[in-house]
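Following: one structure in C-alpha cells, then a few remarks.
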Amino acid sequence: MLFSRSIDCESVNRALSGGILDNTLMRPILYSYRRCPYAMRARMALKYANIDIEHREIELRNKPQSMLQVSPKGTVPVLCVGDLVLDQSIDIMHWALKKSDPDGWGDVDDIIAQAWIEKNDGPFKVLLDQYKYPNRFPELDQERVLRDAMELMLLPMEKSLQAHPYLLGHSLSWVDVAIFPFVRQFSMVNPEEFEGLPISATREWLAQHLESELFNAVMHKHPVWLD
Ligand SMILES: N[C@@H](CCC(=O)N[C@@H](CS)C(=O)NCC(=O)O)C(=O)O
C-alpha cells in the first residue's frame, strides 16, 4: 500500500501551539468534515480499528493553517501521526486496518478492490457531482447522467449484491465502507427517484450501513477546530 508524502506534522503543530509539548501531540490528529464522503470512510476505518484520534472538524471555506501547512492541497481527510501525514482517504483506511482489523475488512483481492475504488472515486464521483449539482452542468441531460451512473456503478453493484451480501463477497470489507458514503450521497439527491431504481439489493445494503452503529458513531457533530 502506498502512503502519502511524509511531512513533519508534529513539529508544525508544536510550532503552532507555541512549543508546548504534551501527550496530546502523540495522538493522531484527523482533520475532517462531517459530510465529506472521503472523510466518512476514513473516520469509519479509524473507529473500527479503535484508534483514538484528536478530531479537528474544519470548514471547507475556512481551512485551518495548521492543516494547510502539512497538506497544502487542502482536502479532507488529513491524518497526522507523528511525522507522517496521510492526506488520501484510502491511505488512512489502510493505515488504520494495518493497526487493527478485527473482522478481516482487508481480506479481499487487492486488484478487484482497487478496481471498485478507482471506478467510484473517478468516473462515478464525476457523475455524482453532475447529478447533485445540475445547475453547474446546464449542458447535461440529467436522465443521461442517471443512466450513465446506473450503467457504470449502480447496476454492477446491484449484480454483486444480488449474488452476496457485500460488494466483494460474504463478509463486509473496506471496499463496502469506502464506497457506501458516495452511494448515500447519490441516494439523497432525489430519494424518490432512488427508490424507483431497479437496485433493491443496493438499497438494502445502503440501509444496513446507514443503520450501523459504526456509521452513526462517526456522524456526531463536533465544534469547528480553530488553530
Ligand atoms: N482524493 C481525496 C479527495 C478528498 C476530497 O476531495 N475532499 C473534499 C471534501 S468531500 C475536499 O476536501 N475538498 C476541498 C474543498 O472543497 O475545498 C481523498 O480521497 O482523501
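Pairs exceeding a 22 Å alpha-carbon distance, out of 63/99; 119/159; 99/221: 63/99; 99/221. Residue ranking by accessible heavy-atom surface, 1.4 Å probe, largest first, among 94, 170, 222 comes out as 170, 222, 94. Taking Cβ atoms as reference points and 11 Å as the exclusive limit, the residues near residue 157 contribute a net charge of +1, counting Lys and Arg as +1 and Asp and Glu as -1.
When 111, 58 are compared by accessible area of protein heavy atoms, the largest-first order is 111, 58, using a 1.4 Å probe. The label point for residue 164 and the one for residue 203, both projected 7 Å from the Cα toward the Cβ, are 2.5 nm apart. Ordered by solvent-accessible area of protein heavy atoms (1.4 Å probe), largest first, the residues 109, 103 come out as 103, 109.
A 1.4 Å probe run over the chain, with the rest of the protein chains in place, finds 52 Å² accessible per residue. Compared with the dominant principal axis of the Cα atoms in the chain, helix 110-119 is inclined by about 80°.
Placing unit charges on the Cβ atoms only, positive for Lys and Arg and negative for Asp and Glu, gives the chain a dipole magnitude near 540 debye about its Cα centre.
Mean residue ellipticity, 222 nm, helices only, the chain: the sum of -39500 (n - 2.57) across DSSP H runs of n ≥ 4, divided by residue count and rounded to 500, is -14000 deg cm²/dmol.
Helix 37-48 and the long axis of the chain differ in direction by around 70°, with both axes built from C-alpha atoms. Shown for region 62-191 is the translational diffusion coefficient from the Stokes-Einstein equation, using the Kirkwood radius over Cα pairs, a temperature of 4 °C and a viscosity of 1.567 mPa s: 78 µm²/s. Evaluated on the chain, the Kirkwood hydrodynamic radius is 18.6 Å, with distances taken between all distinct Cα atoms. Here the extension length gained between residue 155 and residue 227 equals 21.5 nm, from 0.36 nm per residue of separation less the Cα-Cα distance. Measuring only protein heavy atoms, the 1.4 Å probe finds residue 144 accessible over about 120 Å². Solvent-accessible area of residue 75, all protein chains in place: 60 Å² (probe radius 1.4 Å, heavy atoms, ligands and nucleic acids excluded).
The values are calculated or read from the model by the stated rules, or taken from the named source; none is laboratory data. In this text, all values refer to a predicted model and were calculated from it rather than measured experimentally. Every residue, glycine among them, receives a Cβ derived from its backbone with ideal geometry; neighbour counts consider all protein chains shown. Only protein heavy atoms, including side chains, enter the accessible area calculation; ligands, DNA and RNA are left aside. Shrake-Rupley method; radii C 1.70, N 1.55, O 1.52, S 1.80 Å.
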